[in-house]
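What follows is a short report on a single structure.
The values are calculated or read from the model by the stated rules, or taken from the named source; none is laboratory data. Bear in mind that the values here come from a model prediction, so they are computed numbers and not experimental data. Backbone-built Cβ (ideal geometry, glycine too); neighbour counts: all protein chains shown. Surface accessibility is based on the protein's heavy atoms, side chains included, excluding ligands, DNA and RNA. Shrake-Rupley method; radii C 1.70, N 1.55, O 1.52, S 1.80 Å.
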Amino acid sequence: MNLEEIKSLLTHEAQAVMNIPATDNFIKAVDIIYKQVHEKGGKLITSGMGKAGQIAINMATTFSSTGTASVFLHPSEAQHGDLGVVQENDVLLMISNSGKTREIIELIDLARGLRPEIPIIVITSNTESILAKESDVCVATGNPKEVCTLGLTPTTSTTTMTVIGDVLVVLLMKKINFTNADYAKRHHGGYLGHKSREAAGLK
């Protein structure tokens, strides 16, 4: 192990981010979330299994802290009663690198059984997958090769998923004109709470 190897790994990750396709689907996804959450009073529900699920949790908390009501729904727990969190005017954001995750495919069927008109956004590397075809909007990761030496562990793929989530969050913040004062109301504690209140001229 040496510095050149570390630089190579960082370059691999950075290049994968640069290769994320910048398409109109980002805008379409933001418009759907805005319509369902900010116009119709619904919420954003994120979901994923395994490492993708951890990314989905992070997205839900980040959306919520920046003015867009969001919760994470575990796809397996959904089959044991948690599906009840899905209400009228909600929108689903599903994350699956392969686009073939069984639990996520089943969740789509269950959610539509409860709320037939629910819009579905999918983030995946496989734009020809079942999930991609079932979605209203599919945001592609660019299908990066994992930096993992085995080519198996979700590493680079989860990096691109995280970045896509960040882009969606920021685009939506701009669309709703989210301010420091708005942030302070949702994030009272810690350094960020203090910084946002200070920027907003609040105590």
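Key figures
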| quantity | calculated |
| --- | --- |
| Portion, in percent, of the accessible area of segment 1-123 that falls on carbon or sulfur, probe 1.4 Å | 53 |
| Derived scalar couplings ³J(HN,Hα) [segment 86-100; Karplus, 6.51 cos²θ - 1.76 cosθ + 1.60; whole Hz; x for Gly, Pro] | 6, 10, 4, 6, 6, 9, 9, 10, 9, 10, 7, 4, 6, x, 10 |
| Nonlocal Lys pairs with alpha-carbon distance under 14 Å, the chain (8 or more apart, or different chains) | 7 |
| Nonlocal amide H pairs with VAL139, under 5 Å, H built at 1.01 Å | VAL122, ILE123, THR124 |
| Gyration tensor (alpha-carbon) shape descriptor, the chain, a/c threshold 1.5 | oblate |
| Whole-Hz ³J(HN,Hα) from phi, Karplus 6.51 cos²θ - 1.76 cosθ + 1.60, for segment 118-125, glycine and proline x | 5, x, 10, 10, 10, 10, 7, 8 |
| Interatomic Cα distance distribution for segment 103-169, bins of 10 angstrom, percent | 20, 42, 31, 7, 0 |
| Long-range HN-HN contacts of LEU93 with modeled amide H, under 5 Å | ILE45, THR46, SER47, ILE121 |
| Debye log10 I(q)/I(0) for segment 24-83, one point scatterer per Cα, at q = 0.24, 0.28 Å⁻¹ | -1.02, -1.13 |
| Charge context of GLU88, other residues only, Cβ under 14 angstrom, K/R +1, D/E -1 | +2 |
| Cα gyration tensor category, rounded, prolate or oblate, for segment 46-140 with a/c compared to 1.5 | rounded |
| Farthest positive-ward along the chain dipole, Cα basis, beta-carbon charges - from GLY53, GLY67, LEU10 | GLY67 |
| Shape category assigned to segment 5-58 from the gyration tensor of Cα positions, a/c cut at 1.5 | oblate |
| J(HN,Hα) series, segment 31-46, from Karplus relation 6.51 cos²θ - 1.76 cosθ + 1.60, nearest Hz, glycine and proline x | 4, 5, 4, 4, 4, 6, 8, 8, 9, 9, x, x, 9, 8, 10, 9 |
| SER70 long-range amide H proximity, modeled H, under 5 Å | LEU44, SER64 |
| Inter-centroid distance (Cα atoms) of segment 130-172 relative to segment 18-59, Å | 12 |
| Segment 72-194, dipole about Cα centre (Lys/Arg Cβ +1, Asp/Glu Cβ -1), debye to the nearest 20 | 380 |
| The chain - accessible surface per residue (Å², probe 1.4 Å) | 53 |
| Efficiency of FRET from Cβ geometry, VAL17 and LYS40, R₀ 45 Å, rounded to 0.05 | 0.85 |
